[in-house]
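First up is the structure itself, then whatever we jot down about it.
The values are calculated or read from the model by the stated rules, or taken from the named source; none is laboratory data. The shown structure was predicted, so the numbers you read here are calculated from the model rather than taken from an experiment. All Cβ positions, glycine included, derive from the backbone under ideal geometry; neighbour counts span all protein chains shown.
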Amino acid sequence: MTYDLTVFDLETTGPDKDSCLPVQIGCLLLSEGEKPLTIMNKLCDPGIHIPRGASKKHGIYDKDVENQDNYLSVIASFVDNLESLNSEKPIILCGHNARGYDIPIVNRIAFTNLEELYPVIDTLHLAFRLVPEMDSHRLELIHQPLTGKKTDNELTHSALYDCQLVADIMEVFEEDFKKDFPTIKDIADYLSEPIVLEKMPFGKHKSKYFESLPLEYVEWLWNNIPTMTDGIKQDLEKSIRHYFGKYIED
């Protein structure tokens, strides 16, 4: 069975996935051998003031959304579009930190569970595993080093442009790791199960071998795992149990 890749991104009123509201959604459909197809590129009205910090990040202000459709109808339309696409050909959802941010927001607003409905590739999780040596795994900072394509910093945090950045990164990963993952479904399956990490992928001990991490840092990690992003936190839990199992308590 072959799958299409459906890349999506949200711009919102703030960083808290449990309370923020969307102000823009972008979505691209990637079919093998075809040019990316724009499924959605839509501003939406969150019904509240967009905080200055959020507007400074993505460039969307109250005046930009005041005559746009309400966020509820836009998210409902997005969920319907996914269902329609999937009925024609199976899709895999994809986004950068999608499991940690975008998917939980859609799930909360639309009363759904996208991860139960579709396989997911989170390129943040994938980058942590495949290129742990990079200085940063933020989307706008890994795009150019990985792809060789210029990243327009004035367009980053525009939902559809961020989708294109993710699409570029996926193209590189698919090519460079084709021997290990012949299809995008193989990549999704690879991310669906936790692994033992060789090196710490982030934080003050980034790139250090996991087994050499200071015990006090491991204890801090263990206590903070519940607050971390799905996928990444399962990798950390399995790695800590593997290397430091005798020092931790359930």
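Sort out which residues of region 1-31 are part of a loop (DSSP other than H, G, I, E, B), modelled with pLDDT of 95 or more and not hydroxyl-bearing (Ser, Thr, Tyr), and write them in order of number. Hits for region 1-31 are Gly14, Pro15, Asp16, Lys17, Asp18, Cys20, Leu21.
Residue by residue through region 209-250, note down the ones that are among the acidic types (Asp, Glu) and more than 24 Å from the chain's Cα centre (by Cα). Of everything in region 209-250, those that are among the acidic types (Asp, Glu) and more than 24 Å from the chain's Cα centre (by Cα) turn out to be Glu211, Glu216, Glu219, Glu249, Asp250.
Of the helices (runs of 4 or more DSSP H) lying entirely inside region 55-161, those containing at least 1 residues that are at pLDDT below 95 and buried (at least 17 other Cβ atoms within 10 Å of the Cβ) are 123-130, 139-147. Looking at the structure I just gave you, is Ser84 of a type outside the set (Asp, Glu) and more than 21 Å from Tyr161 (Cα to Cα)? Yes, satisfied. A single entry from Leu124, Leu93, Leu139, Leu85 fulfils the requirement of being out of contact with any helix residue (DSSP H, G or I) (no Cβ under 8 Å at 6 or more places or on another chain), in contact (Cβ under 8 Å) with a residue 40 or more places away in the chain and not assigned by TED's automatic domain parsing to the domain that holds Lys206: Leu85.
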